[in-house]
Amino acid sequence: MAQQQAVAAAPLFRGHNIWHAYVESLLAQAHAAIGMGDPRRAADFLKQADGLITERIWRGWRLNITGYVGALPSQKGR
């Protein structure tokens, strides 16, 4: 149930710029699942966190390529 709630809340968390708190909550839930001896559930939480982190890195990389290339110091004065 907690996993379903986390998935349902994902757009809300992303929309309010509390992405880090959401990822931390997924990691905490994974840690708790390991402590309860439920590795499959822990793996599900870790997969969600990994997906969000990967998405964030990919989005940042694309912004660096498309949005900030002209702002590099080597580009000034051209």
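The values are calculated or read from the model by the stated rules, or taken from the named source; none is laboratory data. This is a predicted model, so every value here is computed, not measured. Here the Cβ positions follow ideal geometry from the backbone for every residue, glycine too, while neighbour counts run over all protein chains shown.
Those residues that are exposed (fewer than 12 other Cβ atoms within 10 Å of the Cβ) and assigned to a helix (DSSP H, G or I), I need them from the stretch 29-38; list them, please. Working first, answer last.
As a first pass, look at the stretch 29-38 and keep what is exposed (fewer than 12 other Cβ atoms within 10 Å of the Cβ): 35-37.
Within the stretch 29-38, 35 is the sole residue that qualifies.
Scan the stretch 56-78 and give yes if some residue there is modelled with pLDDT of 85 or more and at negative phi, otherwise no.
First, the residues of the stretch 56-78 that are modelled with pLDDT of 85 or more: none.
Checked the stretch 56-78: no residue is modelled with pLDDT of 85 or more and at negative phi.
Here's the yes/no breakdown for (1) outside any helix (DSSP H, G or I); (2) modelled with pLDDT of 95 or more; (3) at negative phi; (4) among the aliphatic types (A, V, I, L, M):
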{"position": "20", "(1), (2), (3), (4)": "no, no, yes, no"}
{"position": "26", "(1), (2), (3), (4)": "no, no, yes, yes"}
{"position": "44", "(1), (2), (3), (4)": "no, yes, yes, no"}
{"position": "50", "(1), (2), (3), (4)": "no, no, yes, no"}
{"position": "54", "(1), (2), (3), (4)": "no, no, yes, no"}
